[in-house]
Amino acid sequence: MNLKKIDGNWTDGYALDKHMLRSTFLGHDEYGHARFDNHRTEAGEAVYQLKYHQDWAQVQPLADAIADHIVPRFGPIGLVVPVPASKTRARQPVYEVAQAVATKIKVNSFEGIVVKAPAEGQNVALKDLSTKEEKVAALAGRFTIRDQIAENGCWNALVVDDLFDSGASMEAVCAALHSYDKIGKIFVATMTWK
């Protein structure tokens with residue numbers, strides 16, 4: 001682990017490790033796709049295997065690393081919130097890790113509190129936008145809150161995501177959570193940073 005403090009519109013936040021150590025361009029394959037020789041950190045490789053090869057055995061080690069190395073840096077946490085997925089999958093990697101973190105720290109995970117509306121007329125993936133300003137504009141007004149907490153009260157939330165890049169997505173999610181009167185402090189944990 002090589003923890004990195006990440007700053008934004010949240011109380012405190014950390015990423016477990018850098019995602020990629022180095023990437024060397026190898027040329028194009030017979031279909032014209034760029035090929036790379038990628039060397040990832042242990043956390044980066046775990047995230048890659050989980051997201052792109054559905055290696056569900058990576059969920060618990062990633063969750064354990066967050067619970068053991070990041071969560072103790074925060075105050076009390078009342079619930080876990082995964083960042084909404086941008087790609088539809090039968091099983092969502094971030095939701096699975098968030099649930100495993102929640103189970104380990106003995107709180108509930110609420111994957112439906114923050115809802116992401118589809119982008120209207122936008123064909124470009126957020127990861128393909130080059131500046132934070134473009135990402136912020138693409139995310140404007142897309143996150144809303146669904147009141148799923150039945151009890152009255154105010155809880156500190158741990159927001160979990162896979163990769164921290166510009167922070168635009170995390171800030172948009174946290175801005176939505178700040179509008180929810182049942183959320184107190186917001187802590188964030190990501191599996192890797194770019």
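The values are calculated or read from the model by the stated rules, or taken from the named source; none is laboratory data. Please read all numbers here as calculations on a predicted model, not as lab measurements. Here Cβ is always computed from backbone atoms with ideal geometry, including for glycine, and neighbour counts include all displayed protein chains. Keep in mind that these areas ignore ligands, DNA and RNA; they rest on the heavy atoms of the full protein, side chains included. Shrake-Rupley method; radii C 1.70, N 1.55, O 1.52, S 1.80 Å.
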- prompt: Out of Val59, Val94, Val71, Val83, which single residue is in contact (Cβ under 8 Å) with a residue 60 or more places away in the chain and in contact with a Leu (Cβ under 8 Å, 6 or more places away or on another chain)?
  reply: Val71
field: Members of the stretch 68-121 found to be in contact with a Lys or Arg (Cβ under 9 Å, 6 or more places away or on another chain), of a type in the set (Val, Ile, Thr) and not in a loop (DSSP other than H, G, I, E, B), listed by number
entry: Val71, Val94, Val114, Val115
message: Pairs needed: first member in the stretch 143-161, under 17 Å from Arg73 (Cα atoms); second member anywhere, assigned to a strand (DSSP E or B) and open to solvent by 80 Å² or more (accessible area, probe 1.4 Å); C-beta distance under 7 Å; at least 6 residues apart or different chains.
response: Asn156/Lys185
field: Matching residues, the stretch 138-155, being within 15 Å of Glu171 (Cβ to Cβ) and open to solvent by 80 Å² or more (accessible area, probe 1.4 Å)
entry: none
- prompt: In the stretch 2-25, what count of residues is obtained for those that are loosely packed, with under 14 Cβ neighbours inside 10 Å and either of a type outside the set (Asp, Glu) or in contact with a Pro (Cβ under 6 Å, 6 or more places away or on another chain) (or both)?
  reply: 7
- prompt: Quick one: Val59 ticks every box in (1) surrounded by 14 or more Cβ atoms within 10 Å (Cβ to Cβ); (2) over 14 Å from Asp162 (Cα atoms); (3) within 15 Å of the chain's Cα centre (by Cα) bar one, so which box is it?
  reply: (2)
